[in-house]
Amino acid sequence: MEEQSDEAAFQDCNRVGPDDGRAALFRAAIVVGRPVVLARPVVIAGVAHGAIDFDVTPETTEVYVDGAMRGQVDDFDGFPDKLYLRAGTHVIALKTPGGEKVSRKVKIVAGHEINLKLELGGGESEPEAGAGG
């Protein structure tokens, strides 16, 4: 399997509409910076961790890591509130209040931080063609 650069970590993300099956109107402008070395190493339970710093709108978008909800993006939007994860590959999923979902595998490197900028536009839904309304 070919490795993707960290800059492209969210470029080919999976996006789906709201849970109710209606078509969704949204657009995503995704920018993921290169990993940078953390100013202070973060060690939790004796294990070095990496971090993701979220700059995502809307701020009430939910964050899931490997299927478990960890909070809202506003909880992880900068110092000291970042999402700290063990080194390795994790599935990061985001779900807006409007039901839009974005997910991607991200490689976390111990002692490094990824800055993730994601603008999830709209989140509004419209009935599919042929539906009354």
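FYI, it's all coordinate maths here, none of it is from the lab. Just so we're clear, the structure is a prediction, and the values are computed from it rather than from any experiment. Heads up, the Cβs are rebuilt from the backbone with ideal geometry, glycines too, and the neighbour counts pull from every protein chain shown.
Worth a mention:
- The slack in the chain from Arg70 to Ser103, taken as 0.36 nm per residue of separation less the alpha-carbon distance, amounts to 10.5 nm.
- Between the beta carbons of Ala87 and Arg40, assuming R0 = 22 Å, the FRET efficiency works out to 0.85 to the nearest 0.05.
- Each of Arg70, Arg104 was scored by other Cβ atoms within 10 Å of its Cβ. Arranged with the fewest first, they read Arg70, Arg104.
- Out of every Cα-Cα pair that segment 37-101 contains, those further apart than 13 angstrom amount to 64 percent.
- Taking Glu100, Glu119 and counting other C-beta atoms within 10 Å, the order from fewest to most: Glu119, Glu100
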